[in-house]
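In what follows, a structure is listed as structure tokens, so that the remarks can point back to it.
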Amino acid sequence: MKTLLRFFIITIAVLSAITATSQDKPRWASKGVGHLQDKRSNDTYTFVKFETFGSDLSQLRNESTRPLVDYLASHYGLDPTDATVSIVSPGVTYSSLPNDPEGNTSIQRDYKVTFSGLSVERTFYARLVDEYVTFDENVDMTYDYTLYGLYAVGSSEGTEPVYDEYTYTRSYNGKALVMSIVPGLGQLYKGQNTKAYCIWGGEALFAVATAWTEVRRNQYSKDRDKAIAAGDQISADSYDSKTTSWRTMRNIAIGGLVAVYAYNLADAAISKGGRQVVVSKKNDSRLTFGPRMVCDEFAALPAPAIGLTLSF
């Protein structure tokens, strides 16, 4: 009984610790860009994910457009050494911390890539939508970095794409909660794989413990009934005590099963998952209010007045 109770406490503690260190790696970086393609409002661009590796993060960032150039060169049969990359929109100043858990729209930049090796220059456009950095520590206390870049790359040569609005969120609304009806699926959907595995392991072990303790309880209950029928009260009392003990352990196992499932639902509904890019159609209409001076020329005594203009 003490072992089962200890396991129950450890399981909840582990799940709580994993929640406290919730994964903020962008969903596109861990699962690819397929889920983003269908959210575009137009086909003037496509989402592409690039990864670069190295031991110098500053150098990786300075060369962050190299995969974009290689992609365009490979896609259109061009020489990457003929490419010139220019920033159309203002650049970004990096902070000492490589990642913003909630995302930062200031990371977004517009690029123009020009290939000038041919008689006619060929121009392409792209926008950096999001960026993320991971690192692995080596035995010699150095680090190897992976720089992930999400780009919206123009589909047509020479034409600037009609980009959508890109924002970030770590909330998954009700979909994760609905998926968590099957334990762990909501966490898996949010990119919290370790937490999903812990939930599956906890549910499986408590389910097995429930079944096993019920088998033992039932067996001792039958032995007690047989002892009573045989008039052996001493054995009957012993079996009755064991029946009670196994019933208690079974109830603890059931409690653990229910507690992990309830945690699974609450966590899916409340906790933040991996950062995801929200794609929304750019809205050019604006609602504005403004005063203006008017004069009623048909009034008996014309005089200026103040009016209110509504534009949208």
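The values are calculated or read from the model by the stated rules, or taken from the named source; none is laboratory data. Every value quoted in this text rests on a predicted model; they were computed, and no experiment measured them. We place every Cβ from the backbone using ideal geometry, glycine too, and count neighbours over all the protein chains shown. Just so you know, the surface numbers come from the protein's heavy atoms only, side chains and all, with ligands and any DNA or RNA stripped out. Shrake-Rupley method; radii C 1.70, N 1.55, O 1.52, S 1.80 Å.
What the table shows:
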quantity: Accessible surface, per residue, of segment 112-209 when the full set of protein chains is kept, probe 1.4 Å, Å²; calculated: 47
quantity: Efficiency of FRET between residue 218 and residue 266 - r from beta-carbon atoms, R0 30 angstrom, step 0.05; calculated: 0.35
quantity: Spacing of the two label points (7 Å from each Cα toward its C-beta) at residue 230 and residue 119, in nm; calculated: 10.6
quantity: Along each principal axis, Cα extent of segment 217-265, largest first, Å; calculated: 50, 13, 8
quantity: Cα gyration tensor shape for segment 67-171, rounded if a/c is under 1.5, else prolate or oblate; calculated: oblate
quantity: Nonlocal amide H pairs with residue 155, under 5 Å, H built at 1.01 Å; calculated: 45, 46
quantity: Anchor residue 190: lysines whose Cα lies under 28 Å away (excluding residues fewer than 8 positions away in-chain); calculated: 25, 31, 39, 49, 175, 272, 281, 282
quantity: Cut-off under 5 Å, modelled amide H: who pairs with residue 168 long-range; calculated: 278
quantity: Segment residue 70-residue 57, extension gain: residue separation times 0.36 nm, minus the distance between their alpha carbons; calculated: 2.7 nm
quantity: Cβ-based net charge around residue 28, under 10 Å, with every Lys or Arg adding one and every Asp or Glu removing one; calculated: +4
quantity: For a label point 7 Å along the Cα-to-beta-carbon line of residue 138, residues of segment 41-69 with backbone N under 13 Å; calculated: 54-57
quantity: Packing-based order for 272-278, 228-234, using average beta carbon neighbours within 10 Å, highest first; calculated: 272-278, 228-234
quantity: Estimated FRET transfer efficiency (residue 244, residue 204; beta-carbon r; R0 30 Å; 0.05); calculated: 0.70
quantity: log10 of Debye I(q)/I(0), alpha-carbon scatterers only, for segment 179-239 at 0.21, 0.22, 0.26 Å⁻¹; calculated: -0.78, -0.81, -0.93
quantity: Karplus-derived HN-Hα couplings along segment 260-271 (A = 6.51, B = -1.76, C = 1.60, θ = phi - 60°), whole Hz, x at Gly and Pro; calculated: 5, 5, 5, 4, 4, 5, 5, 5, 4, 7, 10, 5
quantity: Share of alpha-carbon pairs per 10 Å distance bin for segment 113-257, given as whole %; calculated: 9, 16, 17, 16, 13, 10, 8, 6, 3, 2, 0
